Amino acid sequence: MKNLSLLLAILLIAVTVQAGTDGPVVSTEWAAENLNNPDVRFVEVSVEPGKFERGHIPGAVNFRWHTDLVDPVRRDIASADAFAELLSRSGITNETTVVLYGDHNNWFAAWGAWVFTIYGHDNIKLLDGGRNKWEQERRPLSTRPVSYSRTTYEVAAVHDHLRADLQDVLAAVNREQSAALIDIRSPAEYEGRVIAPEGIQELAIRAGHIPGAVNVPWGEIVNPADGTFLPREKIRQIYADKGIDGSKPVITYCRIGERSSHTWFALHYILGYETKNYDGSWTEYGNAVGVPIENPAGTVWTGK
Amino acid sequence: MRRFINNYTAAAVVLLLLAGFWFFAGSDQQQVRQAPFLLLTGALFGLVLQRSRFCFFCVLRDLFEYGNGKPAAGLIVALAVGSAGYLVLFGNWIADPSAGYLPQDAHIGPVSWHLLLGGLLFGWGMALSGSCISAHLYRLGEGYMVAPFALAGSAAGFVIGFMVWNRLYVATVSTSPVVWLPETGGYAVWALIQITLLLALMIWLLVRFQGTSSAADESGCDPQGAALPGNTEMSRNTSVTAGVPGETSHLRVADDCMGPPATPSASAGSVAEKMTLSSIWNRVFVHRWPTWVGGIAVGVLSMIAYLRVEPLGVTAELGRYSRQLGSTLGILPDRLEGLDGFAGCSTAAAPELLTGNGIFVLALVGGSLFSALLSGRFQLSRLTAMKAGKGLAGGMLLGFGAMISLGCTIGTTLSGISAFALSGWVFSAAMVAGVWTGIRWKWHH
């Protein structure tokens, strides 16, 4: 009897751990149990600089989105070489399970997940609820740096099909390609009442959205209390209500492609839909010459 | 005696207010982690500044006017302790300083002639108004009536600074280098150079400037009279009790910077004084601390603040409100080029009524008020139209200088030099030159 319950307990733990690693997101509990797991590397990608330095998940390494994950000169994601160097430096091998997390509801952590996936590293997880939930639960933070032995990471493949460029978007708009567009910005931005969210500089010359795009703000698929993803079925329903059911490829966009990575993550990893992220987003499309836009509010830049 | 009790009651009220403020500041979801910490460090900072008379102008005046280098050496202690503290954090955050990026939000600013201009004007502003911005804040807690004028002037100076910023940015700031010393040469070399330099400076100040003997006050300063009964023997005495009874030094100091020289047992100077509860109390809460004690405390607070929140600074909130005011009045450009991209006392718009820096600064004034009340040094100073006018004009120079230099004697000198930023040194050199000339031209009289 004693043995049986022990066996059950082991089975239960095994199942829990399995469940933790199977899905695309991991819980904070799972993360806490795997802090010392050598096959797992925690990577913080926060929007606000300085957060990591003043306390992070013990053992985590810091990726700076504005220098590490993007090209510092061109408007582009980090090159394959730079990405491989970054991962080698962080002691990550092609087999390491990478758990990404960050502030602001994992926005840039999801961006990181997208870059990882483009460069063929599928073995990634997003920490559900991100940094906020970890802090809310009063879990330990550390300021002690950890250095891992250098590895030789090699980019296995480049999955360009996960990234939409302006041509892809225009092909969808002109119905040359079948694709559904999701604008994940606020309704005010989508309808063209404002060009950028409050406190953010207006970087587009036109207001509105890409023709045919539906508006599903990124926050609709998370629990407002702790920022965790809603259950898979609910997420599926939310998009289905807007006509996005995975029957055709999806393109997500926002202002600069950051928050839309969060939605991309849900569609690609949680629902398994074929999804591209359009990182040019509205700051490219809203500035492009000669492209059709929809601007229900009729706001005109610098004038009425 | 009644006065004495009043002081304690008032101090208790201030303490309660600070506690209440702590409670409310901590109830906001967004600031829940930082507000109580900022409040505590702010209050401690105010207490330390008040206790040790940590006023850059007063200390430089002791040096230039009375040849007394001891207080100035105390300032250097703050820089040396701060530098050592920052090194500990830097080593933890950036293993190799040549990695190509700067330590997160350390006050390392662009270096060009605009810092010389900013420092010089700031120094002149100190001479005219009688203090720098941080000292005006803590002296506000002592009842120094010039302080509100100087702070209002600073706000105006900030607005003027914002008005010329874009031209300055295009002319020089945009192309000037942001120099973090350890980036070339490494931590060890610069730790050695900077800390040796600071120690040498300190020893030089102590040895070379031993001060003139105490004499009757003829400097035209305004000792504000005794705040407590029973200390008449001290009320016009210009010697300073160096904090520890038995170490009474009779060096001349700029006593209008001292606040009311009120100590209930200031005559207690014998080495053999018995240690009692009240003598310990007097040493801590009644007598001034020597500047170097304050220096150590300021250096430690500087490191702690950087570790937990952001580098010490006192002008961010003032600048933010000035910027809002200027924008509302429509006299500022819509966009201040590159300004919010630099590390320093940030003035970027924020949705909160009070940002972290605002909480810190208010707590600073509260901490100083608490300390001033306990030691019986709180008294509203006499105000003349001349003083108010000089405060206002000097304040404008302070604000302008701090704006274009991205910080003041705390944000740029203390937090900059501690961060091994060349900008901190350049600003400070110009600031000291400004104070020196200002004193030579007797602007402070």
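Here is a yes/no grid of residues against (1) touching a residue at least 24 places away in the same chain (Cβ under 8 Å); (2) touching a helix residue (DSSP H, G or I) at 6+ places or on another chain (Cβ under 7 Å); (3) not β-branched (Val, Ile, Thr):
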{"residue": "B:Ala127", "(1), (2), (3)": "yes, yes, yes"}
{"residue": "B:Ser131", "(1), (2), (3)": "yes, yes, yes"}
{"residue": "B:Arg139", "(1), (2), (3)": "yes, yes, yes"}
{"residue": "B:Tyr144", "(1), (2), (3)": "yes, no, yes"}
{"residue": "B:Ala147", "(1), (2), (3)": "yes, yes, yes"}
{"residue": "B:Ala155", "(1), (2), (3)": "yes, yes, yes"}
{"residue": "B:Ile160", "(1), (2), (3)": "yes, yes, no"}
{"residue": "B:Ser176", "(1), (2), (3)": "yes, no, yes"}
{"residue": "B:Val189", "(1), (2), (3)": "no, no, no"}
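Summed over segment A:174-202, the residues that are surrounded by 19 or more Cβ atoms within 10 Å (Cβ to Cβ) and assigned to a helix (DSSP H, G or I) give a count of 2. Out of B:Val314, B:Val298, B:Val309, one residue alone is within 14 Å of chain A (Cβ to nearest Cβ) and either surrounded by fewer than 21 Cβ atoms within 10 Å (Cβ to Cβ) or within 18 Å of B:Ile417 (Cα to Cα) (or both). It is B:Val309.
Residue pairs whose Cβ atoms lie under 9 Å apart, separated by 6 or more positions or on different chains, with the first residue in segment B:101-117 and within 14 Å of chain A (Cβ to nearest Cβ) and the second assigned to a loop (DSSP other than H, G, I, E, B) and among the hydroxyl-bearing types (Ser, Thr, Tyr), are B:Tyr101/A:Thr67; B:Asp105/B:Ser346. Taking the criterion of being within 14 Å of chain B (Cβ to nearest Cβ) and not small (Gly, Ala, Ser), the residues of segment A:141-182 that qualify are A:Leu141, A:Thr143, A:Arg144, A:Pro145, A:Val146, A:Tyr148, A:Arg150. Taking the criterion of being basic (Lys, Arg) and part of a helix (DSSP H, G or I), the residues of segment B:316-337 that qualify are B:Arg320, B:Arg323. Taken together, the residues in segment B:327-373 that are among the hydroxyl-bearing types (Ser, Thr, Tyr) and in contact with a Gly (Cβ under 6 Å, 6 or more places away or on another chain) amount to 2. With respect to the conditions (1) under 21 Å from the mean Cα position of the chain (by Cα); (2) within 21 Å of B:Leu115 (Cα to Cα); (3) among the small types (Gly, Ala, Ser), B:Ser381 falls short on a single one, namely (2). Count of segment B:122-156 residues, restricted to those that are more than 14 Å from B:Phe378 (Cα to Cα), outside any helix (DSSP H, G or I) and in contact with a Lys or Arg (Cβ under 8 Å, 6 or more places away or on another chain), is 2. Which residues, taken from segment B:391-405, are farther than 30 Å from B:Ser176 by Cα and either buried (at least 23 other Cβ atoms within 10 Å of the Cβ) or modelled with pLDDT under 95 (or both)? Listed by number, the list holds a single entry, B:Gly391. Just to be sure, is A:Asp68 within 14 Å of chain B (Cβ to nearest Cβ), surrounded by 17 or more Cβ atoms within 10 Å (Cβ to Cβ) and free of Cβ contacts under 8 Å to residues at least 24 places away in the same chain? The answer is yes for A:Asp68. On the stretch given as segment B:354-381, residues that are small (Gly, Ala, Ser) and either within 14 Å of chain A (Cβ to nearest Cβ) or closer than 30 Å to A:Pro197 by Cβ (or both) total 2. Residues of segment B:343-353 that are farther than 15 Å from A:Gly199 by Cβ and within 13 Å of another protein chain (Cβ to nearest Cβ): B:Ala343 alone. Take the conditions closer than 30 Å to B:Asn92 by Cα, modelled with pLDDT of 95 or more and surrounded by fewer than 24 Cβ atoms within 10 Å (Cβ to Cβ) and apply them to B:Trp425. Does it pass? Judged against the criteria, B:Trp425 is a match. Applying the selection to segment A:203-233, what residues are farther than 19 Å from A:Asp183 by Cα, surrounded by 14 or more Cβ atoms within 10 Å (Cβ to Cβ) and within 14 Å of chain B (Cβ to nearest Cβ)? If the condition is that a residue be farther than 19 Å from A:Asp183 by Cα, surrounded by 14 or more Cβ atoms within 10 Å (Cβ to Cβ) and within 14 Å of chain B (Cβ to nearest Cβ), then A:Asp226, A:Gly227 are the ones that fit. Considering only residues in segment A:46-65 that are more than 13 Å from B:Trp93 (Cβ to Cβ) and surrounded by 20 or more Cβ atoms within 10 Å (Cβ to Cβ), the one that is nearest to the other protein chains (Cβ to nearest Cβ) turns out to be A:Ser46.
Condition test on B:Ser375, is it out of contact with any strand residue (DSSP E or B) (no Cβ under 6 Å at 6 or more places or on another chain) and touching a residue at least 60 places away in the same chain (Cβ under 8 Å)? Here the answer is yes, as B:Ser375 does meet what is asked. The residue that is nearest to B:Ala297 (Cα to Cα), counting only those in segment B:405-445 that are small (Gly, Ala, Ser) and not in a helix (DSSP H, G or I), is B:Ala419. Yes or no: A:Asn132 within 14 Å of another protein chain (Cβ to nearest Cβ), out of contact with any Phe, Trp or Tyr (no Cβ under 7 Å at 6 or more places or on another chain) and either among the polar types (S, T, N, Q) or under 24 Å from A:Ala225 (Cα atoms) (or both)? So A:Asn132 fits the description; yes.
The set of residues in segment B:83-100 being within 13 Å of chain A (Cβ to nearest Cβ), crowded, with 18+ Cβ neighbours inside 10 Å and under 19 Å from B:Ile195 (Cα atoms) consists of B:Tyr86, B:Leu89, B:Phe90. Here are the criteria: (1) without any contact (Cβ under 8 Å) to a residue 40 or more places away in the chain; (2) assigned to a loop (DSSP other than H, G, I, E, B). Tell me which single one B:Leu380 does not satisfy. So the condition that B:Leu380 fails would be (1). Looking across segment B:128-141, the residues that are crowded, with 24+ Cβ neighbours inside 10 Å and farther than 10 Å from B:Leu398 by Cα come down to B:Gly130, B:Ser134, B:Ala135, B:His136, B:Leu137, B:Tyr138, B:Arg139, B:Gly141.
Being under 16 Å from B:Gly407 (Cβ atoms), part of a helix (DSSP H, G or I) and touching a Gly at 6+ places or on another chain (Cβ under 8 Å) is the filter here, so list the residues in segment B:299-315 that pass it. Matches in segment B:299-315: B:Ser302, B:Tyr306.
Residue-wise test of (1) closer than 18 Å to B:Phe400 by Cβ; (2) touching a His at 6+ places or on another chain (Cβ under 6 Å).
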position	(1), (2)
B:Ala156	yes, no
B:Val159	yes, no
B:Met163	yes, no
B:Tyr169	yes, no
B:Thr172	yes, yes
B:Pro177	no, no
B:Leu181	no, no
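The values are calculated or read from the model by the stated rules, or taken from the named source; none is laboratory data. Keep in mind it's a predicted model, so treat the numbers as computed, not measured. Neighbour counts run over all protein chains shown; Cβ positions are idealised from the backbone, glycine included.
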